[in-house]
Amino acid sequence: MKIDKTEGPEGVTLIVSGDVDMESSPKLRDEIKKCLKAKPGKIRLRLHDVPYIDSSGVAVLIEGMRWCKKKGADYSLVAISDNVKAVLDLSKLYGVFTVEAD
Amino acid sequence: MSHGARRGSILLSKPTLSIDVPASAGYLKCVRGFVKPLFDARFDEEIAHRLVLAVDEACSNIVKHGQTWFSPRGRIALELIDRKKAVEIRILNFCGENEVDKIKPRDLEDIKPGGLGTHFIAEIMDSVEFVPDKTREGRMQLVMIKEGGSK
């Protein structure tokens, strides 16, 4: 899994590519935490190029949402892949996240 | 290679396939890569993706709880049996007899990280059961069955 970061006036976008699984999800968790230290107004996770996500990855998405809420930052998932959407649907969590088009 | 030829060469000639890897997160991708072509050959894309997820979640459980369930770290030993009307996935030496009751889906109304894997498995598979691992006293196999698919 690879994570690129872009920063703009609105906040930070983490561009995730590759599988988000038990091995790689801690890296995404650390990156979200690191971003929050800079107190951005918003964190966006772009998940268009994520072909696979497991329950540990979904757990990180939830943690990110909780941390942002606690810090007063907006949080959204952007351009999620079909497979990510399918897993969020399966976990009945799709409606819990703010999901944006690209 | 045509779809049918691929199915013929991989699935029909070897109805039972197995993989045995260290119980480590780095090997989960290997397990997914092992089962995916077989599911792709038999089921449509959406179901195949779900089945890969179910197998991955079951194997993740071994990695996560390996320190208590195995001594030392242990291995993921998986058998895939391609039956006429169903696919059967057996994960050997999955857990101890006394740990079966601890493995159950949680309430999804409570939005929190963790505990989703068991829900995924139960939701995706047609049958999930634990059976005694005859070769290992006190140990259980996880047997998951998905019916249907073209063969």
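The values are calculated or read from the model by the stated rules, or taken from the named source; none is laboratory data. The structure presented is a predicted model; accordingly, all values stated were derived computationally and were not measured. Here the Cβ is made from the backbone with ideal geometry for all residues, glycine too, and neighbour counts use every protein chain on show.
Only one of the numbered conditions (1) assigned to a strand (DSSP E or B); (2) at the interface with chain B (Cβ under 9 Å from one of its Cβ atoms) is not met by A:Tyr75, and that is (2). Residues in region B:33-52 that are under 13 Å from B:Lys146 (Cβ atoms), in contact with a Leu (Cβ under 8 Å, 6 or more places away or on another chain) and in a helix (DSSP H, G or I): B:Val35, B:Leu38, B:Phe39, B:Arg42, B:Arg50.
Once region A:50-72 is narrowed to residues that are surrounded by fewer than 19 Cβ atoms within 10 Å (Cβ to Cβ) and not in a helix (DSSP H, G or I), the residue that is farthest from the other protein chains (Cβ to nearest Cβ) is A:Gly72. Scanning region A:1-49 for residues that are among the charged types (D, E, K, R), within 21 Å of B:Val63 (Cβ to Cβ) and buried (at least 20 other Cβ atoms within 10 Å of the Cβ) gives A:Asp19, A:Asp21.
Go through region B:53-151 and tell me which strands (runs of 3 or more DSSP E), entirely inside it, have 2 or more residues that are among the aliphatic types (A, V, I, L, M), without any contact (Cβ under 8 Å) to a residue 60 or more places away in the chain and crowded, with 17+ Cβ neighbours inside 10 Å.
B:75-82, B:86-96, B:139-147
Considering only residues in region A:86-102 that are within 11 Å of chain B (Cβ to nearest Cβ) and part of a helix (DSSP H, G or I), the one that is farthest from the chain's Cα centre (by Cα) turns out to be A:Leu90. The set of residues in region B:40-52 being in contact (Cβ under 8 Å) with a residue 60 or more places away in the chain and under 24 Å from B:Ala25 (Cβ atoms) consists of B:Arg50, B:Leu51. Out of everything in region A:8-44 that is in contact with a Ser or Thr (Cβ under 8 Å, 6 or more places away or on another chain) and either modelled with pLDDT under 95 or small (Gly, Ala, Ser) (or both), what residue ends up being nearest to A:Glu100 (Cα to Cα)? Result: A:Gly18.
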